[in-house]
Amino acid sequence: MSEVLEKVETGKLAILSGNEAIARGAWEAGVKVAAAYPGTPSTEIVETLSKYPEVYSEWSVNEKVALEVALGAAISGSRALYASKHVGLNVAADPLFSAAYTGVRAGLVVVTADDPGMHSSQNEQDNRFYALSAKLPLLVPSDSQEAKDMTKLAFKISEDYDIPVLLRSTTRLSHSKAPVTLEDREEVPHKGYEKNPSKYLVLPMYARKRRVDLEERLEALRKFSNSTHLNYVLEGEGEIGVIADGVAFQYAKEVFQGYPILKLGMPYPFPDEKVLEFLRGLKRVYVVEETDPFIEILLRALLQREGLKVEVLGKGLIGERGPVPKYGELSVERLRTHVIAYEKGETSSESSETSSLKHALKYDISELPARPPMLCPGCTHRSVFWYLGKYKNVIITGDIGCYTLGALPPLKAMETCVDMGASITMAHGIEKSLKEKGENKVVVAVIGDSTFYHSGVTGLINAVYNKSKIKVVILDNSITAMTGHQEHPGTGLTAKKEETVKIDLEKLVKAIGVEKVIVVDPYNMEETKRGIAEMIRYDGLAVLIAKRPCPLYIKFNEGAYQVDNDKCIACGLCISLGCPAIYKLEDGKAAINELLCVGCDMCAQICPVDAIHPIGRE
Amino acid sequence: MKDNLLEEKVKNVLVVGVGGQGVLRLSDIISTAALLQGYQVKKSEVHGMAQRGGSVNSHIRYGKVVAGPLIPKGEADLIIALEPLEGYRYLEYLSPDGVIVLDQDRILPPAVYLGEMRYPNVEEALKEVLGDRALIIPATKIAVSDVGNYRTQNVVMLGASLKYLDLELDNVKKAISLVFSGKEKVIKQNFLALELGMRYLEKLRV
Ligand SMILES: Cc1ncc(C[n+]2csc(CCOP(=O)(O)OP(=O)(O)O)c2C)c(N)n1
């Protein structure tokens, strides 16, 4: 016991999340440059790296930029890391595919954190397929220790085979914590830059040669995949085996105890020989993996190639049903109930089995009042949505950030949200479309400041250029709030908290060619109301900037307010702001939770009978 | 398929509550204490969207060998609920002889404070089905009036749950010192909170 304590105190052992372990692994591997755009569940990787003085770390404006920064660093001799959430890699897909051709010189590790079950994402894509289509080696750790070890090894593989390495995490790995043995940083020498256009310039004539070379690198990687300890067998008995990767391997270990299990730490290139060796003597193989049937498809292709008849049970393709759920996050009991249901031949996959405890309960758990995420007390976005929602004849397109919550009751002032930046571009498309029908509807796009720098600004340039009349609201809370307050070009600070140029949003928008730009303080209700009215009335493209820092970020607290119960007429106006600090009493009158209220004053300004005041002031 | 019992029994502890209550901090303390006791530890939590006033949970598993980071339903030995409704929400995780420890103070969910739904009497419902296996603790009250810092509510709850954790007091205290390292005043307050939680449980069981 004291031995453990000593290790903890001397920094040789720590409980790390998967993300912290990836960062630690990169640091130990001597990484020099890290670039990312935040996104749950990947954010803490570069956030952790930014605290190491030896690592240049940045929040890039978007993922494409981040990957190009990391690639530039790698081809000029520094070990580099890129990290994003799964959808972020879509944004960076263009450089990703070409980077397989150019190769890297110094190690480049591309971390993708996927989100099975969509804990905080708009979709559930499986980025292991990027390894297949972009032709990259793929590593998939299954716990924190492996996350650290594999990240280190990934840099070596990247250099040995001159190719970026894709490392796949998932929410459960990224955000689970487990003890990790820590080691020192290895200072790898800087390899420097060497001019080599035929490698780094993908003109078709060069790219065709690199394509052939890539095939050779992949073949060498296939051999590596067949020999590496990352792919190993957990011995067991019987004619039924299991193949699994990532966190799913941990679940498989619990559900299929005693069975032989092939654990794939490096599923791509597919270790065909090792898999064939594992299959010897097996009649049936369960493939346990999260999100899509990636290993399953590769396995079925291999069996077809070899003319082997082994029953493969996994998720199945479209039209097929297997024992492993097709979507949603896996867990031990979900896997177990699905496998049991499948083996019993039950038609419904989601088990209807309920515990006796559940039957005895007085209230149905699924009918309990939920706790949906809400805009925080004092959120600067609230007033804009409150006023926008009053316009019944406008279309409001939205975007991704805390402010997407403006779509939910009681505010309900947003109708679309597809991907970052899509508010402006889709508004433009809607306007042009309705014009074809002879309708001149006002279309308002609502976008956050970080999202605007990420991919909104290009859409706005497009709208100005293509004679759009859309209205754009930029919610400038001076930080990337959604993912936990990361810096961006409008904050005046870098990821390493150094001072830097602060982009002037108003000037930027004007420079693009927007003639009507209105700036309001969203805590000033009258100003916000007038600003929105002016924007909507304007005959032409108009931009409204609602500017005030996120109260959580600057720890804004002016003291709580209270409702004068005698004056309150129970009109419900303040309740309709949807502030978590305001609640309804039995008689319909309002009251304020003073532990939650930060004194933004919005409710006081709209109260028709002046019943709301700061505590202690009338 | 074989049954799911690992060779060596794994301790499964689920901590639940509302965003901002210190669920994650509490699970940090428990997992650190388990590590100091020489166990393998895995802990899982929810970040991001779910934290904006939402329901928060953290799974902690420790023992000789731990596989996955998630507790299967029906296998939690202990649920520590920093808020009663949240305790009820995760009841399916409780094992047939598991114990649930709840703070009695309610935090109203939006549908309740907007006047659309009632807050069900979950405390009574829990007592009805679980009897002595549901323990209700005035942890927020103790944190506010006896410790003088409402943020120590989670550690009062830890004190009240300590008996069921199979962790040595010494290791728990060391874990608190490690988790709050450098903040002497906070550590002291949390030691007091731990002590008061333990004492309350003693009283309850007499
Ligand atoms: C391509 C992509 N990258 C990252 C994310 C994760 N993400 C969603 S919104 C957002 C930023 C939101 O910041 P901002 O626009 O300033 O709005 P706020 O949350 O501050 O209101 C991020 C990083 C994503 N959904 N998609």
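The values are calculated or read from the model by the stated rules, or taken from the named source; none is laboratory data. Just so it is clear, the structure is predicted and the values come from calculations on it, not from any experiment. Reconstructed Cβ throughout: ideal geometry from the backbone, glycine too, with neighbour counts over all protein chains shown. Just so you know, the surface numbers come from the protein's heavy atoms only, side chains and all, with ligands and any DNA or RNA stripped out. Shrake-Rupley method; radii C 1.70, N 1.55, O 1.52, S 1.80 Å.
At the residue level, A:E329 shows approximately 30 square angstrom of accessible surface with a 1.4 angstrom probe and all protein chains present. Annotation: lysines with alpha-carbon distance below 17 angstrom to A:K437 (same-chain offsets under eight excluded): A:K469.
Checking the a/c ratio against 1.5 first, then a/b against b/c, what shape does the Cα gyration tensor give for the range B:80-167? Let's see the in-between values first.
Numbers: a/c = 2.22, a/b = 1.09, b/c = 2.03.
In terms of gyration-tensor shape, oblate.
A:K584 contributes about 80 Å² of solvent-accessible surface, heavy atoms of the protein only, 1.4 Å probe. A 1.4 Å probe over all protein chains sorts A:L596, A:L330 by accessible area into A:L596, A:L330, starting with the largest.
Where the accessible area of the range A:3-227 is counted over protein heavy atoms with a 1.4 Å probe, how much of it, in %, is carbon and sulfur? All intermediate terms of the calculation are to be shown ahead of the outcome.
Details: 4340 of 7840 Å².
Ligands and nucleic acids excluded, carbon and sulfur reach 55 percent.
Sorting A:S98, B:S95 by accessible area puts them as A:S98, B:S95; the probe is 1.4 Å, largest comes first, and only protein heavy atoms count.
May I ask for the Kirkwood hydrodynamic radius of the range A:382-554, worked out over all distinct Cα pairs and given in angstroms to one decimal? List each step's numbers first, then the result.
Values: mean 1/r = 0.0624 Å⁻¹.
Evaluated over the range A:382-554, this radius sits at 16.0 Å.
For chain A, the longest principal axis of the C-alpha atoms and the axis of helix A:204-227 are separated by about 60°. Straight Cα distances below 21 angstrom link A:K199 to the lysines A:K64, A:K135, A:K156, A:K191, A:K209, with same-chain residues fewer than 8 positions distant left out. Which of rounded, prolate or oblate describes the protein assembly as shown when judged by the alpha-carbon gyration tensor and an a/c cut-off of 1.5? Oblate. Only protein heavy atoms count here; under a 1.4 Å probe, B:D170 has an accessible surface of about 90 Å². Ordered from highest to lowest accessible area with the whole protein assembly present and a 1.4 Å probe, A:C417, A:C607 read as A:C417, A:C607. Residue by residue along A:250-256, Cβ atoms of other protein chains within 10 Å of the local Cβ number 5 on average. Surface burial for A against B, with a 1.4 Å probe and both sides summed, reaches about 5600 Å² of accessible area.
Please compute the average number of Cβ atoms from other chains found within 10 Å of each residue's Cβ in peptide A:595-604. Each step should come with its number before you reach the end.
Details: counts 3, 4, 0, 0, 0, 0, 0, 0, 0, 0.
The mean count of partner-chain Cβ atoms within 10 Å per residue comes to 1.
Which value at 222 nm does chain B reach when only helices count, each DSSP H run of 4 or more adding -39,500 (n - 2.57), with the total divided by all residues and rounded to the nearest 500 deg cm²/dmol?
Details: 7 runs with 75 residues, N = 206.
It comes out at -11000 deg cm²/dmol, rounded to the nearest 500.
In Å², and per residue, what accessible area does the range A:177-298 have when probed at 1.4 Å with the other protein chains present?
46
Within straight cross-link reach of A:K567, meaning Cα distance under 16 Å, which lysines are found once same-chain residues fewer than 8 apart are removed? Within the straight-line cut-off, A:K567 pairs with A:K584, A:K589. Relative to the longest principal axis of the Cα atoms of chain A, the long axis of helix A:294-306 makes an angle of roughly 30 degrees.
Using a cut-off of under 14 Å, list every residue of the range A:502-536 whose amide N is near the label point 7 Å from the Cα of A:Y391 along the Cα-to-beta-carbon line. Under cut-off, by backbone N: A:517-518, A:528-536. Shape class of the range B:11-204 from the Cα gyration tensor (axes a ≥ b ≥ c, square roots of the eigenvalues): rounded, since a/c falls below 1.5.
Rolling a 1.4 angstrom probe over the protein heavy atoms, how many square angstrom per residue are accessible across the range A:515-579?
Numbers: 3230 Å² over 65 residues.
Per residue, the range A:515-579 has 50 Å² of solvent-accessible surface.
Solvent exposure of the range B:11-204, expressed per residue, is 36 Å² of accessible area, with all protein chains present and a 1.4 angstrom probe.
How much of the accessible area of the range A:382-554, in percent, comes from carbon and sulfur atoms when a 1.4 Å probe is used? For the range A:382-554, the apolar C and S fraction of the accessible surface comes to 54 percent. The length gained by stretching the chain between A:L493 and A:M118 to full extension, at 0.36 nm per residue less their Cα-Cα distance, is 131.9 nm.
Let me know the mean shielding of A:328-335 by other chains, meaning the per-residue number of their Cβ atoms within 10 Å of its Cβ.
Working: counts 0, 1, 2, 7, 9, 9, 3, 2.
The mean count of partner-chain Cβ atoms within 10 Å per residue comes to 4.
Using only the alpha-carbon atoms, how far is helix A:63-75 inclined from the longest principal axis of chain A? Give it as 0 to 90 degrees, nearest 10. Helix A:63-75 sits roughly 40 degrees off the main axis of chain A.
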